[in-house]
Amino acid sequence: MNINEKELFDKAIKTMGNAYVPYSNYKVGAAIVCDDGNIYTGANVENASYGLTNCAERTAIFKAVSEGAKKVKAIIIVNKTDQMTKPCGACRQVMTEFMDADGQVFLSNNKNDFEEYRFDQIMPLVFDSKELN
Ligand code: THU
């Protein structure tokens, strides 16, 4: 699949504007390309009970899977600062469920800078469904 990073970046930035972040004031946006050919987006949604916060990456993935997507081929993550956005551990575990080792991960920031990784570079030694067999 030919991933258009700029299109993904623009969608993630737009969705970041919808982040609900009254506690951290740290907005994050994500955009993912799925096996169904669609792009899904997500923003972080916080809660007064802090632990219930949903990160942008998981918002996007859960939206996609609930709409019928089975695989995430690529993800981009942006935030409102000039620092690259690194997915948290919980999101990496959820990504494990739906991304293959060679899935594309684009870390980005508010300036259209990109770092590209394979998923297995940012999530080595995964715990996945194969462990359960
Ligand atoms: N956050 C994300 O949305 N994605 C990440 O990968 C890191 C953290 C959110 C959660 C919380 O709303 C805010 O950033 C500060 O931790």
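The values are calculated or read from the model by the stated rules, or taken from the named source; none is laboratory data. Worth saying up front: this structure is predicted, and the values here are computed from it rather than measured. In this analysis, Cβ positions are derived from the backbone assuming ideal geometry, glycine residues included, and neighbour counts consider all displayed protein chains. Heads up: the accessible areas ignore ligands, DNA and RNA and are worked out on the full protein's heavy atoms, side chains in. Shrake-Rupley method; radii C 1.70, N 1.55, O 1.52, S 1.80 Å.
Some observations on this one:
- Any hit, region 110-123, residues being under 18 Å from M16 (Cβ atoms) and open to solvent by less than 40 Å² (accessible area, probe 1.4 Å): no
- Conditions (1) at pLDDT below 95; (2) within 9 Å of the ligand (Cβ to nearest atom); number of the one not met by N25: (1)
- Answer residue from region 50-69, given it is assigned to a loop (DSSP other than H, G, I, E, B) and surrounded by 20 or more Cβ atoms within 10 Å (Cβ to Cβ) and is nearest to the ligand (Cβ to nearest atom) among those: C55
- Test result for K80, closer than 19 Å to E7 by Cβ, out of contact with any strand residue (DSSP E or B) (no Cβ under 7 Å at 6 or more places or on another chain) and either buried (at least 22 other Cβ atoms within 10 Å of the Cβ) or basic (K, R) (or both): no
- Residue list for region 24-49, restricted to those being touching a residue at least 40 places away in the same chain (Cβ under 8 Å) and assigned to a loop (DSSP other than H, G, I, E, B): Y26, K27
- Tallying residues that are in a loop (DSSP other than H, G, I, E, B), within 15 Å of the ligand (Cβ to nearest atom) and in contact with a Cys (Cβ under 8 Å, 6 or more places away or on another chain) within region 70-115 yields 2.
- Some residue of region 33-41 being in contact with a Phe, Trp or Tyr (Cβ under 7 Å, 6 or more places away or on another chain), modelled with pLDDT of 95 or more and more than 13 Å from the ligand (Cβ to nearest atom): yes
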